[in-house]
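Accompanying notes for the structure given below.
The values are calculated or read from the model by the stated rules, or taken from the named source; none is laboratory data. Please read all numbers here as calculations on a predicted model, not as lab measurements. Cβ placement follows ideal geometry from the backbone for every residue including glycine, while neighbour counts extend to all protein chains displayed. For the accessible areas, the whole protein counts, side chains as well, though only heavy atoms, and no ligand, DNA or RNA atoms are used. Shrake-Rupley method; radii C 1.70, N 1.55, O 1.52, S 1.80 Å.
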Amino acid sequence: MKDFFTSLFAIALISCSANSGNIASAENWRKSEMQIEIQFTNESGSTTKLSATLAENSSAKAFAEKLQSGAITVKLEEYGNFEKVGSLPFSLPRNDTQISTEPGDIILYLGNKITIFYNSNSWSYTRLGKLDALEKGEMTKAELKNIFGKGDVKAVISLVKN
């Protein structure tokens with residue numbers, strides 16, 4: 001009987017060690033790989049860099065994994081007077097839910113389009129993240145719209161490596 005309890009204790013200890021490794025990995029993921037930087041260049045040639053924090057879902061994780069290979073450039077076009085949208089060079093898993101967007105939200109649409117909102121809308125989307133300056137109240141939606149300008153915007157998106 002003593003051997004049984006010793007074996008059971010050893011299995012529990014190994015299991016806890018394995019789980020603590022997963023917890024540490026999840027913490028490292030949040031700290032080091034959930035930040036991106038987006039460099040926006042509007043039609044007048046004005047360039048602005050903004051940081052963003054990615055959401056905690058499989059879509060955002062897959063996005064960060066794609067960015068590990070290097071930055072991507074996306075042409076964002078005006079749509080509906082509330083967002084800039086562009087095609088990604090790859091598809092991502094969708095986690096669509098009915099949400100109301102806010103300025104600064106970074107959204108995956110149809111699995112292969114990235115949308116950055118400067119106004120609000122409600123639809124079934126997948127949240128990828130949020131621009132930090134808007135989340136922290138350091139920037140207004142009017143300032144974001146001014147950064148975007150009236151026409152197309154070039155966005156260079158890269159993973160922040162800590």
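See the values below:
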| item | result |
| --- | --- |
| Some residue of the range 65-73 being open to solvent by less than 40 Å² (accessible area, probe 1.4 Å), out of contact with any strand residue (DSSP E or B) (no Cβ under 7 Å at 6 or more places or on another chain) and not aromatic (Phe, Trp, Tyr) | yes |
| Top-ranked residue of the range 120-129 - restricted to ones that are crowded, with 16+ Cβ neighbours inside 10 Å and farther than 21 Å from THR47 by Cβ, ranked as farthest from the chain's Cα centre (by Cα) | ASN121 |
| Options LEU134, LEU110, LEU144; residue that is touching a Lys or Arg at 6+ places or on another chain (Cβ under 9 Å) and open to solvent by less than 50 Å² (accessible area, probe 1.4 Å) | LEU134 |
| Options LYS84, LYS49; residue that is at pLDDT 95 or above, part of a strand (DSSP E or B) and open to solvent by 30 Å² or more (accessible area, probe 1.4 Å) | LYS49 |
| Those residues of the range 92-107 which are surrounded by 15 or more Cβ atoms within 10 Å (Cβ to Cβ) and part of a loop (DSSP other than H, G, I, E, B), in sequence order | LEU92, ARG94, ASN95, ASP96, THR101, GLU102, PRO103, GLY104 |
| Output for the range 82-103, where each listed residue is under 17 Å from LYS150 (Cβ atoms) and touching a Ser or Thr at 6+ places or on another chain (Cβ under 6 Å) | GLU83, VAL85 |
| SER59 being buried (at least 16 other Cβ atoms within 10 Å of the Cβ), modelled with pLDDT of 95 or more and more than 20 Å from GLN39 (Cα to Cα) | yes |
